[in-house]
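Visitor: First the structure, then my questions, so here it is.
The values are calculated or read from the model by the stated rules, or taken from the named source; none is laboratory data. Small disclaimer: the values here were computed from a predicted structure and weren't measured. As a convention, Cβ positions derive from the backbone with ideal geometry for all residues, glycine included, and neighbour counts pool all protein chains shown. In case anyone asks, the SASA skips ligands and DNA or RNA and just uses the protein heavy atoms, side chains included. Shrake-Rupley method; radii C 1.70, N 1.55, O 1.52, S 1.80 Å.
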Amino acid sequence: MSKDFHKAMEEVVTRNADNTNRIMEQAQGYVVSENATDSLLHTSFDLTTAQGVIKHLNSSFLKLAQSCVRDIDPADHLCYMRIKTRKHEFLVSPEQAFTVTVQF
C-alpha cells in the first residue's frame, strides 16, 4: 500500500473515529480497495472472498448506485450504501481514492 493511500485512510479513520470504533465492534470483516484499478489494498477476508466483494459490490453495484444518485441530483454524491441480504449485510463507503466495504 502506498504512503498516499495510507495517509488518506488514516485521515478518514481519524475524522470518523466514533463511527469507525462502533462499526469495528460489530464487523465480521472488511475490504479496502483502490478505486482507480479496483485492486485490493487490505482485507480481513481470504483473497477469493475479498476479490468477489470488489468485483461484485465495488465495481458493479456501487458504480450503478453512484450513477443513479448523480442522475437524480448532479450536485449530490453517494456517501454510504447499505446492502442487506438474507445471509449478509454490507456497509460500503466510497472515498475519492479508495472504497471501504464492511460485512456485518
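Visitor: Could we say that Thr49 is modelled with pLDDT of 90 or more and β-branched (Val, Ile, Thr) here?
Guide: Values: modelled with pLDDT of 90 or more: yes; β-branched (Val, Ile, Thr): yes.
Considered against the rule, which asks whether it is modelled with pLDDT of 90 or more and β-branched (Val, Ile, Thr), Thr49 comes out as yes.
Conditions tested, residue by residue: (1) assigned to a strand (DSSP E or B); (2) closer than 23 Å to Ala8 by Cα; (3) in contact (Cβ under 8 Å) with a residue 60 or more places away in the chain; (4) open to solvent by 40 Å² or more (accessible area, probe 1.4 Å).
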{"position": "Asp38", "(1), (2), (3), (4)": "no, yes, no, yes"}
{"position": "Thr49", "(1), (2), (3), (4)": "no, no, no, yes"}
{"position": "Gly52", "(1), (2), (3), (4)": "no, no, no, no"}
{"position": "Leu57", "(1), (2), (3), (4)": "no, yes, no, no"}
{"position": "Ala75", "(1), (2), (3), (4)": "no, no, no, yes"}
{"position": "Leu78", "(1), (2), (3), (4)": "no, yes, no, no"}
{"position": "Arg82", "(1), (2), (3), (4)": "yes, yes, no, yes"}
{"position": "Thr101", "(1), (2), (3), (4)": "yes, yes, yes, no"}
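Visitor: When only residues in region 59-73 that are under 25 Å from His6 (Cβ atoms) and at pLDDT below 90 count, which is surrounded by the most Cβ atoms within 10 Å (Cβ to Cβ)?
Guide: Applying the first criterion (under 25 Å from His6 (Cβ atoms)) to region 59-73 yields 59, 62-63, 66.
Now restrict to residues that are at pLDDT below 90: 59, 62-63.
Details: Ser59: 15, Leu62: 22, Lys63: 14.
Among residues in region 59-73 that are under 25 Å from His6 (Cβ atoms) and at pLDDT below 90, the one surrounded by the most Cβ atoms within 10 Å (Cβ to Cβ) is Leu62.
Let's see how each residue does on (1) touching a helix residue (DSSP H, G or I) at 6+ places or on another chain (Cβ under 8 Å); (2) farther than 15 Å from Glu95 by Cβ:
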residue	(1), (2)
Asn16	no, no
Val32	yes, no
Leu41	yes, no
Ala50	no, yes
